[in-house]
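Notes follow once the structure below has been shown.
The values are calculated or read from the model by the stated rules, or taken from the named source; none is laboratory data. Being a predicted model, the structure only gives us computed values, none of them experimental. When we count neighbours, we look across all protein chains shown, and the Cβ atoms used for this are built from the backbone with ideal geometry, even at glycine. Side chains are part of the model used for accessible areas, which takes the heavy atoms of the whole protein and leaves out ligands, DNA and RNA. Shrake-Rupley method; radii C 1.70, N 1.55, O 1.52, S 1.80 Å.
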Amino acid sequence: MQIAENLKKIKSSLPQNVKLVAVSKFKPNQDILEAYQAGHTIFGENRVQELTEKYEQLPKDIEWHMIGHLQTNKVKYIAPFVYMIHGVDSLKLLKEINKQAKKAERIQKCLLQIHIADEETKFGFSEEEVFELLSSDAYKGFENIEICGVMGMATNTDNTEQVRQEFAHLKQFFDTLKQDYFAYQESFAEISMGMSGDYETAVAEGSTMVRIGSSIFGSRN
Ligand SMILES: *Cc1c(COP(=O)(O)O)cnc(C)c1O
């Protein structure tokens, strides 16, 4: 019951336009089913094998989001079913996603992961790299890709003001991309930012999609 209660509480605190991706990584199917039975159908995972197994075992109307770093050689396992890929961080990866989506006869929704944190360890494009990508001929040929927005992870710090600034920066960058590259694409609309520890700040700065794990399912071992 705890999971359903946590979900309800978080959902009621989110504005209507903000989607909740329940991050179920490392959690058993039973926990996911509890959330599902409470009416939640959007889940996020960060490892391909775990995601694929859960997809096979759980109800087929679940919308699965791949939120973690994705290796090129593993795209083929999730391309037939994954709803959205949040962590796109290279041209090479995008090329493979396009290839596998074509094979699966799908248009794959993707988010461009932007490096906004002040930590070297986090993945993501620089802003300059995104401009380069979107202007490239290779990108223009990707017929089975739909870029739906951006994703970012703030620095893991207690400094709320720094986190706020990083999220504000991502929102600003989204607005720039929208205006300069996606003005006529309605589906370019998502800003995936905010986790258990910082989602309230993210929402205040314009997040449209939060990825929340431990506040719903409890801490992971
Ligand atoms: C694990 C994870 C989350 C959720 O983290 P919590 O702190 O448990 O809410 C969000 N985004 C990504 C990319 C993650 O890997």
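Values as computed for the structure displayed
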quantity: Mean Cβ count within 10 Å, highest first, over the residues of peptides 208-219, 6-17; calculated: 208-219, 6-17
quantity: Rounded percent of accessible protein surface that carbon and sulfur make up, the chain, 1.4 Å probe; calculated: 47 percent
quantity: Unsatisfied cross-links (Cα-Cα over 29 Å) in the set Lys8/Lys92; Lys25/Lys171; Lys95/Lys178; Lys8/Lys99; calculated: Lys8/Lys92; Lys8/Lys99
quantity: 1.4 Å probe accessible area per residue over segment 150-221, in Å²; calculated: 49 Å²
quantity: Segment 1-77, relative contact order in percent, only Cα pairs under 8 angstrom and at least six apart counted; calculated: 28 percent
quantity: Contact order relative to length of the chain, as percent, for alpha carbon pairs under 8 angstrom and 6 or more apart; calculated: 20 percent
quantity: Relative contact order for segment 12-127, counting Cα pairs under 8 Å that sit 6 or more residues apart, in percent; calculated: 18 percent
quantity: Cα gyration tensor category, rounded, prolate or oblate, for the chain with a/c compared to 1.5; calculated: oblate
quantity: Rounded Å value of the spacing that divides the Cα centres of segment 48-63 and segment 68-124; calculated: 17 Å
quantity: Cβ-Cβ FRET estimate between Ala138 and Glu5, R0 fixed at 41 Å, reported to 0.05; calculated: 0.30
quantity: Listed residues Gln113, Gln185, Gln57, most fluctuating in the chain (Gaussian network, C-alpha, under 10 Å); calculated: Gln57
